[in-house]
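Worksheet: the structure to be examined is printed underneath.
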Amino acid sequence: MIKTTILNNTDYLERIEADAIEQMPLIQFEGEVIVVDKHAQIKDAIAFLSAQPLLGIDTETRPSFKKGVVNKVSLIQVATEKVCYLFRLNKVGFPEGLMHIFESESIMKIGLSLDDDMRGLRRFRHFKSENLVDLQKIVQNFGILDLSLKKVSAIVLGGKVSKGQQLSDWECESLRPSQIRYAATDAWACLMIYKKLNKID
């Protein structure tokens, strides 16, 4: 089981302004993205992900513009450094194998604002998550006070991640290339931030 290592480090900026981020180069996931929208794809995806020690994760939900209405999670992104799987929950549900990954003590799942993500996933089925690392809860040990993914990515990785697709329709018939790249980047960035902070190659 991989344990979180907290290194005390004050080499990072406490905060960063939006103007400074806009001057930075764009960073995005450049690896292979596999969209899982058919049940036949699930077995191979779970087999690959179950063999990984570290995974970056994120979720996307179709936005609701009605007060008090919260939609179910549409997409789970699960990334290694070179491969990212996008599970379209509106098409395949929340696979049992993926639930087991979230329950695994031997696989570290790294994300940001994970309480919200887990709450959304438990609307599909109840499970007990293990070995989660929420970046919002550890970056302050490195002197970082900004907590959004865009700002943490800029401070730690030295580049800007696009948030332009955040409010797009995640339950459209086919995800656009811009949505796919955005979703994969969010999960991958969480993993890369953790690895950089903890000096993991």
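Tally time: how many residues in segment 183-201 are among the aliphatic types (A, V, I, L, M) and under 17 Å from Leu147 (Cα atoms)? Write out each step before concluding.
First pass over segment 183-201, keeping only residues among the aliphatic types (A, V, I, L, M): 183-184, 187, 189, 191-193, 197, 200.
When the remaining residues are screened for being under 17 Å from Leu147 (Cα atoms), the result is 187, 189, 191-193, 197.
The total comes to 6.
This table checks each residue for (1) among the basic types (Lys, Arg); (2) at pLDDT 95 or above; (3) surrounded by 13 or more Cβ atoms within 10 Å (Cβ to Cβ); (4) under 15 Å from Leu157 (Cβ atoms).
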| site | (1), (2), (3), (4) |
| --- | --- |
| Leu13 | no, no, yes, yes |
| Phe29 | no, yes, yes, yes |
| Asp37 | no, yes, yes, no |
| Leu54 | no, yes, yes, no |
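Quick one: count up the residues across segment 145-167 that are in contact with a helix residue (DSSP H, G or I) (Cβ under 8 Å, 6 or more places away or on another chain) and within 18 Å of Ala184 (Cβ to Cβ).
13
Would you mind stating whether Gln77 is outside any loop (DSSP other than H, G, I, E, B) and buried (at least 21 other Cβ atoms within 10 Å of the Cβ)?
Against the criterion (outside any loop (DSSP other than H, G, I, E, B) and buried (at least 21 other Cβ atoms within 10 Å of the Cβ)), Gln77 qualifies.
Across segment 80-100, what is the number of residues that are surrounded by fewer than 22 Cβ atoms within 10 Å (Cβ to Cβ), in a helix (DSSP H, G or I) and touching a Lys or Arg at 6+ places or on another chain (Cβ under 9 Å)?
Selection size over segment 80-100: 6.
When segment 33-55 is examined, which residues are found to be assigned to a loop (DSSP other than H, G, I, E, B), within 30 Å of Lys195 (Cβ to Cβ) and over 16 Å from the mean Cα position of the chain (by Cα)?
Within segment 33-55, Asp37, Ala51 qualify.
Working only within segment 169-201, note down all residues that are without any contact (Cβ under 8 Å) to a residue 12 or more places away in the chain and of a type in the set (Ser, Thr, Tyr).
If the condition is that a residue be without any contact (Cβ under 8 Å) to a residue 12 or more places away in the chain and of a type in the set (Ser, Thr, Tyr), then Ser174 is the only one that fits.
Against the condition part of a helix (DSSP H, G or I) and at pLDDT 95 or above, how does Asp58 come out, does it pass?
No, not satisfied.
Check whether at least one residue in segment 61-84 is closer than 23 Å to Tyr194 by Cα, under 18 Å from the mean Cα position of the chain (by Cα) and modelled with pLDDT under 95, and report yes or no.
For segment 61-84, residues closer than 23 Å to Tyr194 by Cα, under 18 Å from the mean Cα position of the chain (by Cα) and modelled with pLDDT under 95: absent.
Report those helices (runs of 4 or more DSSP H) wholly inside segment 123-197 carrying at least 2 residues which are aromatic (Phe, Trp, Tyr), at pLDDT 95 or above and buried (at least 21 other Cβ atoms within 10 Å of the Cβ).
On the way: elements: 135-138, 149-157, 177-197.
Output list reads 177-197.
Of (1) of a type in the set (Asp, Glu); (2) surrounded by fewer than 21 Cβ atoms within 10 Å (Cβ to Cβ); (3) within 14 Å of Ile57 (Cα to Cα); (4) touching a strand residue (DSSP E or B) at 6+ places or on another chain (Cβ under 7 Å), Asp116 satisfies all except one. Which?
Among (1) of a type in the set (Asp, Glu); (2) surrounded by fewer than 21 Cβ atoms within 10 Å (Cβ to Cβ); (3) within 14 Å of Ile57 (Cα to Cα); (4) touching a strand residue (DSSP E or B) at 6+ places or on another chain (Cβ under 7 Å), the lone unmet condition for Asp116 is (4).
So, Ser106, is that one at pLDDT 95 or above, hydroxyl-bearing (Ser, Thr, Tyr) and assigned to a helix (DSSP H, G or I) or not?
It is false that Ser106 is at pLDDT 95 or above, hydroxyl-bearing (Ser, Thr, Tyr) and assigned to a helix (DSSP H, G or I).
The values are calculated or read from the model by the stated rules, or taken from the named source; none is laboratory data. Everything numeric here is computed off the predicted structure, so don't read it as measured data. Neighbour counts are summed over all protein chains in view; Cβ atoms, including those assigned to glycine, are modelled from backbone coordinates with ideal geometry.
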